[in-house]
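Just below is one structure, and these are the notes that go with it.
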Amino acid sequence: MSIHIEAKVGEIADKILLPGDPLRAKFIAENFLEDAVCFNKVRGMFGFTGTYKGHLISVMGTGMGMPSISIYATELITFYGVKKLIRIGTAGSLNKEVHVRDLVLAQAAATTSNMIKNEWSLYDFPQIADFELLDKAYHIVKDLGMTVHMGSVLSVDAFYSDFSATNIKLGEMGVKAVEMETAALYYLAARYKVQALGIMTISDSLVNPDEDTTAQERQTTFTDMMTVGLETLIAD
(Lines give C-alpha, C1' and ligand atoms only; values in the text may rest on other atoms or scores of the structure.)
Protein backbone atom coordinates (compact mmCIF):
# COMPACT_ATOMS: atom_id res chain seq x y z
CA MET A 1 0.00 0.00 0.00
CA SER A 2 1.05 3.60 -0.47
CA ILE A 3 1.14 6.34 2.16
CA HIS A 4 -2.39 7.66 1.57
CA ILE A 5 -4.12 4.70 -0.11
CA GLU A 6 -4.63 1.44 1.77
CA ALA A 7 -5.28 -0.75 -1.29
CA LYS A 8 -3.02 -3.64 -2.09
CA VAL A 9 -1.40 -3.79 -5.52
CA GLY A 10 -3.91 -5.33 -7.92
CA GLU A 11 -6.97 -3.90 -6.19
CA ILE A 12 -7.04 -0.76 -8.35
CA ALA A 13 -7.76 -0.91 -12.08
CA ASP A 14 -5.41 0.70 -14.59
CA LYS A 15 -8.31 3.00 -15.61
CA ILE A 16 -9.81 5.38 -13.06
CA LEU A 17 -12.31 8.21 -12.65
CA LEU A 18 -11.22 10.95 -10.24
CA PRO A 19 -14.02 13.08 -8.78
CA GLY A 20 -12.93 15.61 -6.20
CA ASP A 21 -15.76 14.69 -3.82
CA PRO A 22 -15.33 11.23 -2.22
CA LEU A 23 -19.12 10.99 -1.87
CA ARG A 24 -19.37 11.40 -5.64
CA ALA A 25 -17.00 8.45 -5.95
CA LYS A 26 -19.34 6.46 -3.70
CA PHE A 27 -22.35 7.52 -5.79
CA ILE A 28 -20.64 6.37 -9.00
CA ALA A 29 -19.69 3.03 -7.47
CA GLU A 30 -23.25 2.42 -6.28
CA ASN A 31 -25.02 3.57 -9.45
CA PHE A 32 -22.69 2.79 -12.35
CA LEU A 33 -20.37 -0.06 -11.34
CA GLU A 34 -21.20 -3.72 -10.80
CA ASP A 35 -19.73 -5.68 -7.88
CA ALA A 36 -17.94 -2.58 -6.59
CA VAL A 37 -15.50 -3.14 -3.73
CA CYS A 38 -14.15 -0.33 -1.55
CA PHE A 39 -10.34 -0.25 -1.61
CA ASN A 40 -9.75 2.94 0.36
CA LYS A 41 -11.24 4.77 3.33
CA VAL A 42 -8.09 6.54 4.56
CA ARG A 43 -8.96 10.17 5.46
CA GLY A 44 -12.48 9.47 4.19
CA MET A 45 -11.21 9.51 0.60
CA PHE A 46 -13.33 6.66 -0.73
CA GLY A 47 -12.06 4.53 -3.59
CA PHE A 48 -13.85 1.64 -5.32
CA THR A 49 -13.15 -0.92 -8.02
CA GLY A 50 -15.89 -2.64 -10.01
CA THR A 51 -16.92 -3.40 -13.56
CA TYR A 52 -18.60 -1.20 -16.14
CA LYS A 53 -19.93 -3.01 -19.21
CA GLY A 54 -17.52 -5.84 -18.46
CA HIS A 55 -14.46 -3.61 -18.02
CA LEU A 56 -12.59 -3.29 -14.72
CA ILE A 57 -12.80 0.36 -13.61
CA SER A 58 -11.84 2.21 -10.44
CA VAL A 59 -13.14 5.48 -9.04
CA MET A 60 -11.62 7.51 -6.21
CA GLY A 61 -12.01 10.96 -4.68
CA THR A 62 -9.08 13.35 -4.79
CA GLY A 63 -10.15 16.21 -2.53
CA MET A 64 -9.97 19.87 -3.51
CA GLY A 65 -7.01 21.61 -5.07
CA MET A 66 -3.84 20.77 -6.92
CA PRO A 67 -1.81 19.66 -3.87
CA SER A 68 -4.49 17.12 -2.98
CA ILE A 69 -5.01 15.63 -6.44
CA SER A 70 -1.22 15.53 -6.90
CA ILE A 71 -0.82 13.26 -3.88
CA TYR A 72 -3.44 10.76 -5.01
CA ALA A 73 -2.60 10.83 -8.71
CA THR A 74 1.11 10.31 -8.02
CA GLU A 75 0.44 7.31 -5.77
CA LEU A 76 -2.12 5.83 -8.17
CA ILE A 77 0.37 6.06 -11.04
CA THR A 78 3.60 5.08 -9.30
CA PHE A 79 2.37 2.54 -6.74
CA TYR A 80 -0.64 1.02 -8.51
CA GLY A 81 0.16 1.31 -12.21
CA VAL A 82 -2.83 3.41 -13.27
CA LYS A 83 -2.50 4.39 -16.95
CA LYS A 84 -5.68 6.34 -17.74
CA LEU A 85 -6.94 9.02 -15.34
CA ILE A 86 -10.04 11.11 -15.98
CA ARG A 87 -10.96 13.91 -13.64
CA ILE A 88 -14.71 14.48 -13.39
CA GLY A 89 -15.55 17.54 -11.35
CA THR A 90 -17.30 20.86 -11.20
CA ALA A 91 -16.18 24.21 -12.55
CA GLY A 92 -17.33 27.80 -12.68
CA SER A 93 -18.09 29.32 -16.07
CA LEU A 94 -15.94 32.24 -17.25
CA ASN A 95 -17.72 32.53 -20.58
CA LYS A 96 -21.24 33.80 -21.26
CA GLU A 97 -21.82 30.98 -23.76
CA VAL A 98 -20.98 28.32 -21.16
CA HIS A 99 -23.97 27.66 -18.91
CA VAL A 100 -24.71 25.75 -15.73
CA ARG A 101 -24.95 21.97 -16.33
CA ASP A 102 -23.03 22.20 -19.63
CA LEU A 103 -20.00 19.95 -20.01
CA VAL A 104 -16.47 21.23 -20.57
CA LEU A 105 -13.66 19.12 -21.98
CA ALA A 106 -10.36 20.62 -20.86
CA GLN A 107 -8.13 20.71 -23.92
CA ALA A 108 -5.54 22.62 -21.89
CA ALA A 109 -5.21 24.18 -18.45
CA ALA A 110 -3.73 27.55 -17.60
CA THR A 111 -2.81 27.97 -13.95
CA THR A 112 -1.98 30.52 -11.27
CA SER A 113 -0.17 27.87 -9.24
CA ASN A 114 3.59 27.79 -8.70
CA MET A 115 3.65 24.01 -8.25
CA ILE A 116 4.88 23.39 -11.78
CA LYS A 117 7.04 26.52 -11.96
CA ASN A 118 8.90 25.30 -8.88
CA GLU A 119 10.24 22.46 -11.03
CA TRP A 120 10.48 24.33 -14.37
CA SER A 121 11.28 27.90 -13.38
CA LEU A 122 12.62 28.91 -16.82
CA TYR A 123 9.64 27.60 -18.79
CA ASP A 124 5.88 27.95 -19.10
CA PHE A 125 5.28 24.20 -19.32
CA PRO A 126 2.04 23.61 -21.30
CA GLN A 127 -0.60 21.59 -19.47
CA ILE A 128 -2.51 19.71 -22.18
CA ALA A 129 -4.93 16.79 -22.31
CA ASP A 130 -4.12 13.45 -23.84
CA PHE A 131 -5.43 13.84 -27.39
CA GLU A 132 -6.67 10.25 -27.68
CA LEU A 133 -8.86 10.58 -24.58
CA LEU A 134 -9.99 14.07 -25.59
CA ASP A 135 -10.95 12.94 -29.08
CA LYS A 136 -12.87 9.92 -27.79
CA ALA A 137 -14.69 11.97 -25.15
CA TYR A 138 -15.68 14.65 -27.65
CA HIS A 139 -17.23 12.16 -30.06
CA ILE A 140 -18.99 10.31 -27.23
CA VAL A 141 -20.52 13.56 -25.98
CA LYS A 142 -21.67 14.56 -29.47
CA ASP A 143 -23.12 11.10 -30.13
CA LEU A 144 -25.09 11.34 -26.87
CA GLY A 145 -26.43 14.76 -27.80
CA MET A 146 -25.05 16.55 -24.76
CA THR A 147 -24.07 20.21 -24.68
CA VAL A 148 -20.28 20.44 -24.59
CA HIS A 149 -17.58 23.10 -24.81
CA MET A 150 -13.99 22.20 -25.60
CA GLY A 151 -11.07 24.49 -24.85
CA SER A 152 -8.86 25.82 -22.09
CA VAL A 153 -9.73 25.98 -18.40
CA LEU A 154 -8.07 27.87 -15.58
CA SER A 155 -6.74 25.89 -12.59
CA VAL A 156 -6.35 28.04 -9.47
CA ASP A 157 -5.04 27.47 -5.95
CA ALA A 158 -7.56 29.68 -4.14
CA PHE A 159 -11.32 29.16 -4.23
CA TYR A 160 -11.86 32.57 -2.65
CA SER A 161 -9.68 35.34 -4.08
CA ASP A 162 -9.64 38.93 -5.32
CA PHE A 163 -8.94 37.90 -8.91
CA SER A 164 -12.46 37.24 -10.19
CA ALA A 165 -12.40 40.23 -12.55
CA THR A 166 -9.06 39.14 -14.01
CA ASN A 167 -10.29 35.58 -14.40
CA ILE A 168 -13.33 36.84 -16.28
CA LYS A 169 -11.00 38.61 -18.73
CA LEU A 170 -9.51 35.20 -19.50
CA GLY A 171 -13.03 34.07 -20.29
CA GLU A 172 -13.25 36.86 -22.83
CA MET A 173 -10.14 35.34 -24.45
CA GLY A 174 -11.82 31.94 -24.76
CA VAL A 175 -11.03 30.23 -21.45
CA LYS A 176 -14.16 28.24 -20.65
CA ALA A 177 -14.15 27.78 -16.90
CA VAL A 178 -12.23 27.98 -13.64
CA GLU A 179 -11.51 24.97 -11.42
CA MET A 180 -8.76 23.73 -9.08
CA GLU A 181 -7.16 20.48 -10.24
CA THR A 182 -6.68 19.87 -13.96
CA ALA A 183 -3.32 21.59 -14.52
CA ALA A 184 -1.65 19.43 -11.88
CA LEU A 185 -3.18 16.24 -13.27
CA TYR A 186 -1.99 17.06 -16.80
CA TYR A 187 1.49 17.84 -15.54
CA LEU A 188 1.75 14.53 -13.68
CA ALA A 189 0.46 12.66 -16.73
CA ALA A 190 3.25 14.21 -18.82
CA ARG A 191 5.83 13.48 -16.13
CA TYR A 192 4.92 9.82 -15.77
CA LYS A 193 3.89 9.20 -19.41
CA VAL A 194 0.27 8.25 -18.76
CA GLN A 195 -3.02 9.51 -20.21
CA ALA A 196 -5.20 12.12 -18.50
CA LEU A 197 -8.30 14.15 -19.26
CA GLY A 198 -10.47 16.63 -17.37
CA ILE A 199 -14.24 16.56 -17.85
CA MET A 200 -16.14 19.21 -15.92
CA THR A 201 -19.78 20.07 -15.32
CA ILE A 202 -20.50 23.77 -14.88
CA SER A 203 -21.94 24.19 -11.38
CA ASP A 204 -22.00 28.01 -11.21
CA SER A 205 -21.07 31.02 -13.29
CA LEU A 206 -18.94 34.10 -12.74
CA VAL A 207 -20.55 35.81 -15.74
CA ASN A 208 -24.16 34.57 -15.52
CA PRO A 209 -24.80 35.22 -11.80
CA ASP A 210 -28.38 33.92 -11.79
CA GLU A 211 -27.17 30.40 -12.66
CA ASP A 212 -26.30 28.13 -9.73
CA THR A 213 -26.73 24.62 -8.30
CA THR A 214 -27.04 23.12 -4.83
CA ALA A 215 -24.46 20.99 -3.03
CA GLN A 216 -26.76 17.95 -3.36
CA GLU A 217 -27.09 18.48 -7.11
CA ARG A 218 -23.32 18.73 -7.46
CA GLN A 219 -22.85 15.47 -5.57
CA THR A 220 -25.44 13.25 -7.19
CA THR A 221 -27.05 14.69 -10.33
CA PHE A 222 -24.14 15.57 -12.60
CA THR A 223 -24.37 12.15 -14.22
CA ASP A 224 -23.59 13.20 -17.80
CA MET A 225 -19.88 13.66 -17.04
CA MET A 226 -19.86 10.33 -15.18
CA THR A 227 -21.27 8.54 -18.23
CA VAL A 228 -18.88 10.28 -20.62
CA GLY A 229 -15.90 9.53 -18.37
CA LEU A 230 -16.75 5.85 -18.10
CA GLU A 231 -17.47 5.48 -21.82
CA THR A 232 -14.18 7.20 -22.64
CA LEU A 233 -12.20 4.88 -20.38
CA ILE A 234 -13.56 1.78 -22.12
CA ALA A 235 -13.59 3.12 -25.69
CA ASP A 236 -11.43 1.24 -28.20
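Annotations for the structure displayed:
- Residue match in segment 44-67 (condition: open to solvent by 10 Å² or more (accessible area, probe 1.4 Å), over 23 Å from M180 (Cβ atoms) and among the basic types (K, R)): yes
- Residues in segment 150-171 that are touching a residue at least 24 places away in the same chain (Cβ under 8 Å), open to solvent by 30 Å² or more (accessible area, probe 1.4 Å) and not hydrophobic (A, V, I, L, M, F, W, C): S152, D157, S164.
- Test result for A137, touching a Gly at 6+ places or on another chain (Cβ under 9 Å) and open to solvent by 20 Å² or more (accessible area, probe 1.4 Å): no
- Residues within segment 211-226 that are surrounded by fewer than 17 Cβ atoms within 10 Å (Cβ to Cβ) and at pLDDT 80 or above, tallied: 1
The rows are residues; the columns are (1) hydrophobic (A, V, I, L, M, F, W, C); (2) touching a strand residue (DSSP E or B) at 6+ places or on another chain (Cβ under 9 Å).
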| position | (1), (2) |
| --- | --- |
| R191 | no, no |
| M200 | yes, yes |
| S205 | no, yes |
| E211 | no, yes |
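- Summed over segment 113-148, the residues that are touching an Asp or Glu at 6+ places or on another chain (Cβ under 6 Å) and not aliphatic (A, V, I, L, M) give a count of 2.
- None of F32, F79 is over 30 Å from K142 (Cα atoms) and in contact (Cβ under 8 Å) with a residue 60 or more places away in the chain except F79.
- Scanning segment 184-236 for residues that are assigned to a loop (DSSP other than H, G, I, E, B), touching a residue at least 12 places away in the same chain (Cβ under 8 Å) and not hydroxyl-bearing (S, T, Y) turns up V194, L206, V207, N208, E211, D212, F222, A235.
- From R24, R43, residue being in contact (Cβ under 8 Å) with a residue 24 or more places away in the chain, of a type in the set (K, R) and within 14 Å of G229 (Cβ to Cβ): R24
- Put simply, of D124, D130 the only residue that is open to solvent by 20 Å² or more (accessible area, probe 1.4 Å), under 14 Å from the mean Cα position of the chain (by Cα) and acidic (D, E) is D130.
- Residues of segment 177-206 that are open to solvent by less than 10 Å² (accessible area, probe 1.4 Å) and of a type in the set (F, W, Y): Y186 alone.
- Taking the criterion of being within 17 Å of T227 (Cα to Cα) and open to solvent by 50 Å² or more (accessible area, probe 1.4 Å), no residue of segment 68-84 qualifies.
- Restricting segment 94-115 to residues that are assigned to a loop (DSSP other than H, G, I, E, B) and open to solvent by 50 Å² or more (accessible area, probe 1.4 Å) leaves a set whose member that is farthest from M226 (Cα to Cα) is N114.
- Qualifying residues in segment 18-43 (those that are open to solvent by 20 Å² or more (accessible area, probe 1.4 Å) and of a type in the set (F, W, Y)) - the one farthest from the chain's Cα centre (by Cα): F32
The values are calculated or read from the model by the stated rules, or taken from the named source; none is laboratory data. Computed from a predicted structure; not experimentally measured. Glycine gets a Cβ as well: all are built from the backbone with ideal geometry, and neighbour counts include every protein chain shown. Just so you know, the surface numbers come from the protein's heavy atoms only, side chains and all, with ligands and any DNA or RNA stripped out. Shrake-Rupley method; radii C 1.70, N 1.55, O 1.52, S 1.80 Å.
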